[in-house]
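Here's a structure for you.
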Amino acid sequence: MSMVDDGTGRGNDAVDETGWEVDPDDESGAAVVAAVGRQIKTWREAAGLRAGELGSAMGYGEDLIYKVEGGSRIPRPEFMDAVDVAVGAGGKLAAMKPDLAEVRYPKKIRELAKLEAAAVELSAYGSHNIHGLLQTEEYARALFEMRRPAFPHDDVERLVAARVARQSIFSRSPAPELSFVQEEATLRRPLGGRMVWRRQLEHLLEVSELRHVEIQVMPTSREEHAGMGGEMQVLKFKDGSAVGRSEGDFGSRPVSDPKHLRIIELRCGIIRAQALNPRESRAFIEQVLGET
């Protein structure tokens, strides 16, 4: 079933599909959604409305109302606004939007976002595509749409929204120190098409102007490269603790063991030393942009 956006975020011919599916493995998120669903059902019944009547009043189908009330569907913000008005909740249901805003994203992404939100320093090396924190919305969408097996449309939008939300790290105060090294190939690969590619390069230049951000480029011509194992990242926190992840090492899982962290930090440091410095990297990105 196709969905055509009518400007309300609902769609004209598939209004029952609005919202996000609940991750069955996300127990805490599922509990929040179930609690919100019970509140909606309580207000609906108190208003003397059947599920179908509520759906008609809001412009949604009866099936969606049952899914939301049963905790199997995460309602979108516009749904919460509409149901609040329809049952006369006086803002009490709409006030639950922040509770749902977090759990609508996949559990792993929420956990990563929490770590990034608490970090005072981040060092990352990207080998296959632009680092998620540096991606434009269009570039991120292109990446998710080209995954195989293909993601459902709803999952793509959910993942894109989660990735964009993580980028609030750039506006945090006090600002964390952010350091990125991008493989040259990630700058030259026109993922999403020429215009998406150009906007992504322009975005990198804009972000590189922030005082707390350093972006470096690892040229393909380098004969020495400490990052041939794949992407890696280290997050440090104000209490002195840290978390790191290196593709292919330690099960590719986040690690906090000092011995494992030392290896990842060592590689990140060498990679930064082998890459172009930030000023050279900016000139390199400008050159690639000029060639597009």
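The values are calculated or read from the model by the stated rules, or taken from the named source; none is laboratory data. Since the model is a prediction, treat every value here as computed from it, not as a measurement. Cβ sites come from the backbone with ideal geometry, for glycine too, and all protein chains shown count toward neighbours.
Which residue pairs have Cβ atoms closer than 7 Å, lie 6 or more positions apart in sequence or on different chains, and pair a first residue in region 95-124 that is closer than 14 Å to Arg163 by Cα with a second residue that is part of a helix (DSSP H, G or I) and among the aromatic types (Phe, Trp, Tyr)?
none
Of the residues Ser281, Ser241, Ser246, Ser252, only one is closer than 26 Å to Arg198 by Cβ and among the small types (Gly, Ala, Ser); which?
Step by step, each of Ser281, Ser241, Ser246, Ser252 is checked, and only Ser281 is closer than 26 Å to Arg198 by Cβ and among the small types (Gly, Ala, Ser).
Further, regarding this structure: Evaluate the following for Leu159: is it within 21 Å of the chain's Cα centre (by Cα), over 29 Å from Asp249 (Cα atoms), part of a helix (DSSP H, G or I) and not polar (S, T, N, Q)?
Details: within 21 Å of the chain's Cα centre (by Cα): yes; over 29 Å from Asp249 (Cα atoms): no; part of a helix (DSSP H, G or I): yes; not polar (S, T, N, Q): yes.
Against the criterion (within 21 Å of the chain's Cα centre (by Cα), over 29 Å from Asp249 (Cα atoms), part of a helix (DSSP H, G or I) and not polar (S, T, N, Q)), Leu159 does not qualify.
If I filter region 211-222 for residues that are among the hydrophobic types (A, V, I, L, M, F, W, C) and either touching a Cys at 6+ places or on another chain (Cβ under 6 Å) or surrounded by fewer than 19 Cβ atoms within 10 Å (Cβ to Cβ) (or both), do I get at least one hit?
no
Still on this structure, I have one more. Filter the strands (runs of 3 or more DSSP E) completely within region 180-277 down to those with at least 1 residues that are at pLDDT 95 or above and β-branched (Val, Ile, Thr).
Fully inside region 180-277 and qualifying: 213-218, 232-237.
Yes or no: region 198-215 includes at least one residue that is farther than 24 Å from Leu143 by Cα and either in contact with a Pro (Cβ under 9 Å, 6 or more places away or on another chain) or outside the structural domain of Ser171 (by TED's automatic domain parsing) (or both). Outline the logic, then answer.
First pass over region 198-215, keeping only residues farther than 24 Å from Leu143 by Cα: 209-212.
Now restrict to residues that are either in contact with a Pro (Cβ under 9 Å, 6 or more places away or on another chain) or outside the structural domain of Ser171 (by TED's automatic domain parsing) (or both): 212.
Yes, that holds for at least one residue.
For a quick check of your reading of the model, give me the residue pairs whose first member lies in region 143-168 and is under 26 Å from Ala118 (Cβ atoms), whose second is of a type in the set (Lys, Arg) and assigned to a helix (DSSP H, G or I), with beta-carbon atoms closer than 7 Å and at least 6 apart or on different chains.
Correct list of pairs: Val160/Arg141.
Which residues, taken from region 117-173, are of a type in the set (Gly, Ala, Ser) and touching a Leu at 6+ places or on another chain (Cβ under 7 Å)?
Initial filter on region 117-173 (of a type in the set (Gly, Ala, Ser)): 117-119, 123-124, 126-127, 132, 140, 142, 150, 161-162, 165, 168, 171, 173.
Once the filter is applied, which keeps residues that are of a type in the set (Gly, Ala, Ser) and touching a Leu at 6+ places or on another chain (Cβ under 7 Å), region 117-173 yields Ala119, Ala142.
Then there is this: Could you look through region 78-128, keep only residues that are of a type in the set (A, V, I, L, M) and not in a helix (DSSP H, G or I), and pick out the one that is surrounded by the fewest Cβ atoms within 10 Å (Cβ to Cβ)?
Top of the filtered list is Val120.
How many of the residues making up region 198-238 are polar (S, T, N, Q), more than 22 Å from the chain's Cα centre (by Cα) and within 11 Å of Tyr125 (Cβ to Cβ)?
Within region 198-238, residues that are polar (S, T, N, Q), more than 22 Å from the chain's Cα centre (by Cα) and within 11 Å of Tyr125 (Cβ to Cβ) number 1.
Counting only residues that are of a type in the set (S, T, N, Q) and without any contact (Cβ under 8 Å) to a residue 24 or more places away in the chain, which one in region 240-277 is farthest from Arg222 (Cα to Cα)?
First pass over region 240-277, keeping only residues of a type in the set (S, T, N, Q): 241, 246, 252, 256, 274, 277.
The next check asks that each one be without any contact (Cβ under 8 Å) to a residue 24 or more places away in the chain; those that pass are 241, 246, 252, 256.
Working: Ser241: 33, Ser246: 21, Ser252: 25, Ser256: 31 Å.
Per the criteria, the residue is Ser241.
Looking for something out of contact with any His (no Cβ under 6 Å at 6 or more places or on another chain), loosely packed, with under 15 Cβ neighbours inside 10 Å and closer than 22 Å to Arg198 by Cβ - is there at least one such residue anywhere in region 159-181?
No, the conditions are met nowhere in region 159-181.
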